[in-house]
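Trainee: What follows is a single structure, and I will ask about it in a moment.
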Amino acid sequence: MTIRTATMEDLDQIAAVERICFPPEEAAEQDTFRERLRHYGNHFLLMLDEDRLIAFVDGFVTDEPDLTDEMYEKAQMHDEQGKWQMIFGVNTLPEFRGRGFASSLLREMTERARAEGRQGLVLTCKEAKIPFYARLGFRDEGLTEKSIHGGAAWHQMRLRFDQPAK
């Protein structure tokens, strides 16, 4: 398995994995990924099994402390000097789940954010995923009103570098 940052050549595979991992009302479109790659491809980590994309994590950097729905669609909001690494998607193909690939990608994203001097990482997830992210050091901040993406109820979770994990 190889971890690397994404390029525009990965666009088709990224969009295909997203369509498999998320229901249509939550999945980002290929054009959205094109803009994300254009604005912050260096914050888009892929895990490959040879040349096959099996998992990815992406999100931009901002000074805004909370993740909002607007961020999913406006890649130009990325600020390379921002304090917070947002996580918009954690995707693993179903046949590769349960093997630690998403955890590896999130740990790599965390280490990169730390090395870049960020304050931490922020993501939203459904209630069932809270224990998974908590194991990686994220703390649940409760249901957020700033994201109703896809009509779902989302918990905002934050990993701060200035606080020890529980």
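Trainee: Consider region 51-68. How many of its residues are modelled with pLDDT under 95 and of a type in the set (S, T, Y)?
Mentor: 1
Trainee: Of the conditions (1) touching a helix residue (DSSP H, G or I) at 6+ places or on another chain (Cβ under 7 Å); (2) under 21 Å from K83 (Cα atoms), L93 clears all except one; give me its number.
Mentor: Result: L93 fails condition (2) only.
Trainee: Please state which of the following conditions S103 fails to meet, knowing it meets all the rest: (1) within 13 Å of the chain's Cα centre (by Cα); (2) buried (at least 19 other Cβ atoms within 10 Å of the Cβ); (3) over 22 Å from K146 (Cα atoms).
Mentor: Unmet for S103, out of (1) within 13 Å of the chain's Cα centre (by Cα); (2) buried (at least 19 other Cβ atoms within 10 Å of the Cβ); (3) over 22 Å from K146 (Cα atoms): (2).
Trainee: From L136, L106, L121, grab the single residue that is touching a helix residue (DSSP H, G or I) at 6+ places or on another chain (Cβ under 7 Å) and within 22 Å of L48 (Cβ to Cβ).
Mentor: Result: L136 is the single residue among L136, L106, L121 that is touching a helix residue (DSSP H, G or I) at 6+ places or on another chain (Cβ under 7 Å) and within 22 Å of L48 (Cβ to Cβ).
Trainee: Under the condition of being touching a Ser or Thr at 6+ places or on another chain (Cβ under 7 Å) and among the small types (G, A, S), which residue from region 29-69 is nearest to G117 (Cα to Cα)?
Mentor: Restricting to residues being touching a Ser or Thr at 6+ places or on another chain (Cβ under 7 Å) and among the small types (G, A, S), the top hit is G41.
Trainee: May I pose another question? Within the bounds of region 11-28, is there any residue that is among the basic types (K, R), within 23 Å of G137 (Cβ to Cβ) and out of contact with any Ser or Thr (no Cβ under 8 Å at 6 or more places or on another chain)?
Mentor: No, region 11-28 contains no residue that is among the basic types (K, R), within 23 Å of G137 (Cβ to Cβ) and out of contact with any Ser or Thr (no Cβ under 8 Å at 6 or more places or on another chain).
Trainee: Can you pull out the residues in region 17-30 that are aliphatic (A, V, I, L, M) and within 14 Å of V57 (Cα to Cα)?
Mentor: V17, A27, A28
Trainee: Filtering region 130-151 down to residues that are among the basic types (K, R) and either touching a strand residue (DSSP E or B) at 6+ places or on another chain (Cβ under 8 Å) or buried (at least 16 other Cβ atoms within 10 Å of the Cβ) (or both), which residue is modelled with the lowest pLDDT?
Mentor: K146
Trainee: Counting only residues that are farther than 24 Å from D10 by Cβ, give me the helices (runs of 4 or more DSSP H) lying completely in region 58-136 with at least 3 of them.
Mentor: Fully inside region 58-136 and qualifying: 130-135.
Trainee: If F22 satisfies every condition in (1) touching a Leu at 6+ places or on another chain (Cβ under 7 Å); (2) touching a residue at least 60 places away in the same chain (Cβ under 8 Å) but one, which is the exception?
Mentor: (1)
The values are calculated or read from the model by the stated rules, or taken from the named source; none is laboratory data. Treat the numbers as computed from the prediction; the structure is a model and nothing was measured. Glycine also receives a Cβ, built like all others from the backbone with ideal geometry; neighbour counts cover every protein chain displayed.
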